[in-house]
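The structure under discussion appears below in the form of structure tokens.
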Amino acid sequence: MIEVRGLTKRYGDKVAVNDLSFSVEPGKVTGFLGPNGAGKTTTMRLILGLDYPTAGSVTVHGKQYRELAYPMREVGALLDAKAVHGGRTAYNHLLSLAQTNNIPKRRVDEVLGLVGLTDVAKKRSKGFSLGMSQRLGIAGTLLGDPSVLMFDEPVNGLDPEGIRWIRNLMKALAAEGRTVFVSSHLMSEMENTADDIIVIGRGKLIANTTIEKFIAENSTETVRVRTPQIDALAKAVAAAGGTATANGDGSLLVQGLPTERVGDVAFEAGVRLHELSQTRASLEQAFMELTADSVEYHAGSDGTGSPSPAGPGGEADKAAPAAVGQPAGMATEQARAGRTS
Amino acid sequence: MAVTTEATRLSALPPASGRAGLTGTLRSEWTKIRSVRSTYWTILALLVISIGLGAAITGGIAAHWSQTSPSDRATFDATATSLAGLYFLGELVIVVLGAIVITSEYSTGAIRTSLTAMPRRGVIYLAKAAVMAAVMLVMALVAAFASFWLGQALLASTHDNATLSQSNVLRAVVGAALFVTLCGLLAYSIGSMIRHTAGAITIMVAVLFVIPILVNLLPDTWHADVVRWLPSSAGDAITSTVAGAHPHMFSPWGEFAVLGAYTAAALIAGFILFRKRDA
């Protein structure tokens, strides 16, 4: 159980974490999401007492981290897998950690076996791949059999096998009743792993909800229709209670009506259809819209073709944000409302 | 959920009473210092430089003894000469080790791992300093006695060589080792303040080598007033067995106290910053 209350951290003029409050519950994987520079790592550093907060407080099991009797027996944290002395062997690295918390030596061999590094235990970690370094870091977090685990971007740069391994491990740890707090800047990583999500942007809380709720709220159903009679269909859809928006490429995006109903409406109005398909805004898209205002640095031009929230309000732009931006805008409001309620 | 509960394969830990403290952290720091190659390279460098340089100087003097003037023979200090390798250059090796023990944790980022395992920073700071100082003192004592014996053996032909039973000689040999150990602790403090290997070593070279040279360039009266307050003077005073060799300095242990005071002040300043700053 991690409790963060009114946490604020300033580095000079820059506010890295701004009045952040949330709690992380045991028995679940809690995803900690936000764009790069949102303050995820800073928050984790504050939880561990590596940095001191400017204001607010953070406790683990009701205590400040540095007051924990045996920190490694209560919290296992991995912020940066490469933050080890590369000249030391995997075994000696873990041994030196274990000794600080009076953890028996045999435990070192056990965690090495668990993460699959037994064969390279006597090798210096300098030569480890990123995946091996991550495994070594995770071995360190498990030394003390802690009830709280914290990982900062653990799958960054890993191959699919490594990603799967870490996901399964996190789920398994949560299933054992542990608190698992894991940060990521990619929603897709959390989609299949996290039970709860906490989204921050520019150091502020944007959303604190369950993954099911987030999906339900943010993946608005949209029906895409292509027809030579756009105006006629738009009118018919409006009459039936839906909203139709020109998509710019000659198609129409309909919201508020299920796919079958859109087909029926077109048939009744005598409108010829060339395409009728259901689309779902992806979670990644929803996440990006949600945090768009809080991204630290925008790319100068948007190469992905998705509308830039800060882009000029040209004619072509108008249709697209209206179609895609609207549900996301709603989602933001819902999320904020959900936070205050 | 078709998740293999890999984590459950771990056996239960025996319960621990009390709290994580200095004993475990001392053990951990000992593991750290003995498990990196740089420690062994440093020890080797210290022994080679101290003993080798001491032997070169004493051997050279013995070879030219017949041409040495009586006045030079009168002020010749066989003990200090044999120890010169240690307290002039071996000192530099110790300084590098002292700085690197703490700055390497910052350059690799390992300090974050260390402070997560033991968040009570005073304990880490103290354990690191204690283990490091113990290692340094042992290697410096080995270097000091080895330099002394080898140097005296080489000087035997001059019949001006020293033995440990002569007055001040044992103090000089042990004092040389203590002096370089204090220099190592001073480097450790500077390293923890500025968190940068090259920067810390540069400052220490300035303090121990450059400033004494500059002070030597001062007019005589100024030099006489200033020299006794230099940290490096402890090394000159403590290794000297000839009376009146350093007329402007305090007594050997007096000079040692000056260096001790600087080191203590630096250790305290380093400790305050280590505790107060974000890691």
Practice item. Look at the range B:248-279 and say how many of its residues are assigned to a loop (DSSP other than H, G, I, E, B), surrounded by fewer than 20 Cβ atoms within 10 Å (Cβ to Cβ) and touching a residue at least 12 places away in the same chain (Cβ under 8 Å). Key: 3
Review point. Scanning for something over 17 Å from the mean Cα position of the chain (by Cα) and touching a residue at least 12 places away in the same chain (Cβ under 8 Å), does the range A:181-195 turn up at least one residue?
Key: no
Point to revise | Qualifying position, being polar (S, T, N, Q), assigned to a helix (DSSP H, G or I) and either modelled with pLDDT under 95 or in contact with a Pro (Cβ under 6 Å, 6 or more places away or on another chain) (or both), among B:SER71, B:SER82 | key: B:SER71
Practice item. Return the total of residues in the range B:107-136 being of a type outside the set (A, V, I, L, M, F, W, C), within 12 Å of chain A (Cβ to nearest Cβ) and within 21 Å of the chain's Cα centre (by Cα). Key: 1
Point to revise | From the options A:GLN99, A:GLN64, residue that is over 30 Å from the mean Cα position of the chain (by Cα) and on the phi < 0 side of the Ramachandran plot | key: A:GLN99
Check your understanding: Of B:ILE190, B:ILE201, B:ILE213, which residue is under 30 Å from B:GLY122 (Cβ atoms), out of contact with any Leu (no Cβ under 9 Å at 6 or more places or on another chain) and in a helix (DSSP H, G or I)?
Key -> B:ILE190
Review point. If we scan the range A:29-43, do we find a residue that is within 28 Å of B:LYS128 (Cα to Cα) and at the interface with another protein chain (Cβ under 8 Å from one of its Cβ atoms)?
Key: no
Review point. Scanning the range A:67-115 for residues that are acidic (Asp, Glu) and at the interface with chain B (Cβ under 8 Å from one of its Cβ atoms), which turns out nearest to A:LEU173 (Cα to Cα)?
Key: A:GLU110
**Study point:** Subset of the range A:17-34 (residues that are buried (at least 22 other Cβ atoms within 10 Å of the Cβ) and either more than 13 Å from A:ILE197 (Cα to Cα) or among the aromatic types (Phe, Trp, Tyr) (or both))
**Key:** A:VAL17, A:LEU20, A:PHE32
Exercise for review: Give the range A:81-120 a look and list any residue that's surrounded by fewer than 18 Cβ atoms within 10 Å (Cβ to Cβ) and part of a loop (DSSP other than H, G, I, E, B), or say none.
Suggested key: A:LYS82, A:GLY86, A:GLY87, A:PRO104, A:LYS105, A:GLY116
Practice item. Scan (1) of a type outside the set (Gly, Ala, Ser); (2) at negative phi; (3) out of contact with any Lys or Arg (no Cβ under 8 Å at 6 or more places or on another chain) for the single condition A:LEU205 breaks and write down its number. Key: (3)
Review point. Does A:LEU143 satisfy being modelled with pLDDT of 95 or more, within 11 Å of another protein chain (Cβ to nearest Cβ) and over 13 Å from the mean Cα position of the chain (by Cα)?
Key: yes
Check your understanding: Has the range A:137-147 got any residue that is in contact with a strand residue (DSSP E or B) (Cβ under 7 Å, 6 or more places away or on another chain), surrounded by fewer than 22 Cβ atoms within 10 Å (Cβ to Cβ) and not in a helix (DSSP H, G or I)?
Key -> yes
Check your understanding: If only one of B:SER107, B:SER71 is surrounded by fewer than 15 Cβ atoms within 10 Å (Cβ to Cβ) and closer than 25 Å to A:MET150 by Cβ, which one is it?
Key -> B:SER107
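The values are calculated or read from the model by the stated rules, or taken from the named source; none is laboratory data. The structure presented is a predicted model; accordingly, all values stated were derived computationally and were not measured. Neighbour counts run over all protein chains shown; Cβ positions are idealised from the backbone, glycine included.
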